[in-house]
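Trainee: So that we are looking at the same thing, I have put the structure below in structure tokens.
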Amino acid sequence: CGWSILLTGVINDVNWKTFDHAYPADELMPLTCRGRVRGLEPSRGDIDDALGKFSLTLIDTLDTLALLNKTVEFEEAVRRVVADVRLDNDIVVSVFETNIRVLGGLLGGHSMAVMLKESGRMVWYQDELLHMAKDLGLRLLPAFNTSSGLPYPRVNLRYGVRGPETRTGTETDTCTACAGTIILEFAALSRFTGDPTFEAHARRALDFLWEKRQRNSNLVGTTINIHSGEWVRRDSGVGAGIDSYYEYLMKAYILLGDDRFLQRFNTHYASIMKYISQPPLLLDVHIHKPLLPARTWMDSLLAFFPGLQVLKGDIRPAIETHEMLYQVTKKHNFLPEAFTTDFRVHWAQHPLRPEFAESTYFLYKATRDPYYLEVGRTILENLNRFARVPCGFAAMKDVRTGSHEDRMDSFFLAEMFKYLFLLFAEEDDLPFNVEDYVFTTEAHLLPLSLSTASNSQAGEELDDSNFEWTCPNTRLLFPDPAFPRNLRKPIRSTVDKSCPRPTTHREPGMGRPPLRAQDFMASNPEHLELLRRMGVSLIHLKDGRVQLVQHATQAVSAIAAEDGMRFMQEMMELSSQQQKEQLPPRAVQIVSHPYFGRVVLTAGPAQFGLDLSKSSSGMRGFVTVAEPYNGCSELSNGEIVAGRIALLQRGQCMFAEKARHIHKAGAIGGIVIDDNEGSSSDTAPLFQMAGDGRNTDDVTLPLLFLFHKEGNILLEALKEYREVEVLLSDKARDRGETLSKTERRCEYEKMLICEEVLTQDCSTEEKDHTSPASLEPVDQSQLTTQEQTTDDSVLGQESVQPAEGLGSYVSVDVGEEPAVDGDSSSQSVDSLMADWQEDLEAFKQMEKDEL
């Protein structure tokens, strides 16, 4: 009772925070405390198809408020929906999500409103929610206009699926659950309104799926072509893509009383238990070869299945699978979006899915075993400890690190808290008898009074061998209270052996605490020793990369071998994550005499330090070779590096360590040059430098990476001219932007007064600013004064468009000077401009080549 009261307060608090911060948006963004409005936030792909600018969360949680006996809040929410929500939106939405969340929410809300009206409250209610539900149903109907009767996966709420204005209707495939999870809502709508159209379309879709089952295995695939009926994905399971198809066959029988649905469910269920169920696992198989597994991991959506098995009356496998899911949950705090057969993380996200809580509730209802109250308490405590944020509950981006995602789906309030409240509530806490209702897949409440005595079609023969007409009495099935515990014990043991819990004190390299992938440093002798003990070998490849190989037989013990496997898995996941976070290339542009911005070197970015893409001017400075060249210890020439961009060699320590050493010496930036001779951006993919697994917020300077070939160009320039100035930026700048006025005048007039200008002005400027005797960078105040006194008359008509983008490095022959004769001074400005234009065209061509 105490837990149900606590839950009521929590749900009420979150509901009002959602209303305060997000209304009338579809969802709450709990980290930024604002509403998620489709089109105003960055697209998340298919996830956003649930959003239709129809106050999704408010509609989805209507019957939750009624169940909590929040009558005043429920009535206010209904008034808001009726007054504010519009369904005639020019927006493309998911047929599946809109049906289960919005249509189901409106029908569930209508059921609650009718109940309250019959008890003397909400006497003003005149079926407004039902009218909205019928309006929405009519807007979904165009999606069913296919030769098969299977609906299109998406529909435009205003324009349907036909015509260019719909921006949909070109899809050919849909998931089995998407087409098979319509019958409850559409049948309820037909029976509430008296219009049989909706139920007829939903039945036709279900009939087609049944006909397309694989006749030998009696299984269905995951994805089907809505026109031809051919299976696109032929893997079959009880998780994502199929899950609620099976659920709705069983519940359609419960709600509608049609025997055919029970027959179909029992036929499928027998095949599921024969091919897919490998207690306690549920593994996908191929529909044509059901003895052949389709994958070695499970997704979290299958967590609903033990609850469905309870409705079926098959309690023993429900207990076993649920216990496996609980042990995985205890190890990761939440059920990962997907996990392997040895119960490790496969996909680390957790969007606060309610399926595990749903099964926990149904198992408690069936067995009255207090063990499931403890499971529910674990779920609730983990939500409060790890997911609760000031504005609600945030989805977990990674269950391993505890990082959050700015996301709170409407199903969290519609399902998760509804099932948890029902789990802990006593009968006196409930305002009505929930046994009079069936739960949809979104946990909306549809009254069983909609059922007919018999809806079987006349003349159709049913196969009685596929019927199990009654559910077993669990008290007779399990007379011994210890029996469920005996079922759970081996499951717990299996999970423990596959993924042993961490202990606090163990020998390094002998189990926990193991070496974590994000902490690994190839130059750390202790880490290398830990790898050796775990049977992991480190191989240095010719291109500078490091390859890790594990031989479990070479580990010092079985526990160390298991730690090695865990380390390798983490390393693969870390590498995959870094590839997903691929950054665009950067540019190192040599801007000093005699290059004047013509040489642009393609550079790799760092995942830490100053982000050059957010800097309009980049970082400009003179380069100096660090001592030691590898930058792995405190610099001995720190006084020279100060105020300059340090050149470093790759290898022997982490990139972040190099950055910290040059930062300490006072450098304004760094360039790491590859030590793998012959490497080039022409032939190698873009290289980006990762951090060292620790916080790198202390590194505030920019760090770029050059392959060996590009780095040699920079080193050769430094060797020949001693003082080389570069610009580090996100893309190459137009040469006019990289030159001072004197430099531009020299460049512009070099064919007019080449010898005189180069020997006087340019040389003077070089002496003033880049004298070999001075290792200090250009004094900006002096430069400004000099620029102000420079004659600008020659440059007054200059109009050159910058060449954007990043080309390959550009080599320039700076050894030759153009011949000068007596007529050179008479060369036209048009001719000079033509030369400039040629250069610009060359830059543009290089950009195209690079792309």
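Trainee: Ranked by accessible surface with a 1.4 Å probe, highest first, in what order do THR440, THR700, THR683 come?
Mentor: THR683, THR700, THR440
Trainee: Using a 1.4 Å probe, how large is the accessible area of GLU426, given in Å² and rounded to the nearest 10?
Mentor: 100 Å²
Trainee: What accessible area, in Å² to the nearest ten, does a 1.4 Å probe give for ILE673?
Mentor: 10 Å²
Trainee: Let me ask you something else. Which entries in LYS709/LYS731; LYS212/LYS312; LYS117/LYS251 show an alpha-carbon gap greater than 22 Å?
Mentor: Violating the 22 Å Cα-Cα cut-off are LYS212/LYS312; LYS117/LYS251.
Trainee: Just subtract the alpha-carbon distance of GLU118 and THR296 from 0.36 nm times their residue separation and send over the number in nm, one decimal.
Mentor: Result: 58.8 nm gained on full extension.
Trainee: Calculate the spin-label point distance for PHE386 paired with SER617, positioning each point 7 Å from the Cα along the beta-carbon direction, and give it in nanometres.
Mentor: Each label point is offset 7 Å from its Cα along the Cβ direction, giving 4.7 nm.
Trainee: Okay, next question. Given a Förster distance of 60 Å, report the FRET efficiency between ARG377 and GLN652 from their Cβ-Cβ distance, rounded to the nearest 0.05.
Mentor: The pair ARG377/GLN652 has a calculated efficiency of 0.70.
Trainee: Also, quick follow-up: Heavy atoms only, probe 1.4 angstrom, no DNA, RNA or ligands counted: give me VAL37, VAL375 ranked by accessible area, highest first.
Mentor: So the residues, ranked largest to smallest area, are VAL37, VAL375.
Trainee: With the Cα gyration tensor of segment 88-221 giving a ≥ b ≥ c as the square roots of its eigenvalues, does the rule (a/c under 1.5 for rounded; else a/b larger than b/c for prolate; else oblate) give rounded, prolate or oblate?
Mentor: Taking the square roots of the gyration eigenvalues as a ≥ b ≥ c, segment 88-221 is oblate.
Trainee: A further question on this structure: Would any residue of segment 175-191 have its amide N under 20 Å from a label point 7 Å out along Cα→Cβ of ASN145? List them or say none.
Mentor: 179
Trainee: Using a 1.4 angstrom probe and counting only protein chains, how large is the accessible area of CYS632 in Å², to 10?
Mentor: Roughly 30 Å² of CYS632 is accessible to a 1.4 Å probe.
Trainee: Oh, and also: Translational diffusion coefficient, Stokes-Einstein: compute it for segment 269-363 using the Kirkwood radius over C-alpha pairs as Rh, at 10 °C and 1.306 mPa s, and state it as an integer in µm² s⁻¹.
Mentor: Rounded to a whole number, D works out at 118 µm²/s.
Trainee: Beyond 26 Å between alpha-carbons counts as too far, so tell me which of LYS397/LYS664; LYS289/LYS330; LYS614/LYS658 fall in that bin.
Mentor: LYS397/LYS664; LYS289/LYS330
Trainee: GLY221: net charge of surrounding residues, Cβ under 15 Å, Lys/Arg +1, Asp/Glu -1, itself excluded?
Mentor: Taking every Cβ under 15 Å from that of GLY221, the sum is +1.
Trainee: Another question, then. Within the set of other residues whose C-beta is less than 11 Å from the C-beta of LYS397, count the net charge using Lys and Arg as +1 and Asp and Glu as -1.
Mentor: Overall, the nearby charge balance is -2.
Trainee: Students sometimes get this wrong: rank LYS365, LYS658 by accessible area, probe 1.4 Å, all chains present, largest first.
Mentor: LYS365, LYS658
Trainee: For a test of the definition: using alpha carbon positions, the gyration tensor, and the 1.5 limit on a/c, classify segment 586-735 as rounded, prolate or oblate.
Mentor: rounded
Trainee: Also: Placing +1 at every Lys and Arg Cβ and -1 at every Asp and Glu Cβ, with all other atoms neutral, what dipole size does segment 586-735 have around its Cα centre, in debye to the nearest 20?
Mentor: That gives a dipole near 360 debye.
Trainee: Using a/c under 1.5 as the rounded threshold, could you call segment 208-316 rounded, prolate or oblate? The axes a ≥ b ≥ c are square roots of the C-alpha gyration tensor eigenvalues, and prolate needs a/b larger than b/c, oblate otherwise.
Mentor: oblate
The values are calculated or read from the model by the stated rules, or taken from the named source; none is laboratory data. The shown structure was predicted, so the numbers you read here are calculated from the model rather than taken from an experiment. Using ideal geometry, Cβ is built from the backbone for each residue, glycine included, and neighbour counts are taken over all protein chains shown. Protein only, heavy atoms only, side chains kept; ligands, DNA and RNA dropped before computing areas. Shrake-Rupley method; radii C 1.70, N 1.55, O 1.52, S 1.80 Å.
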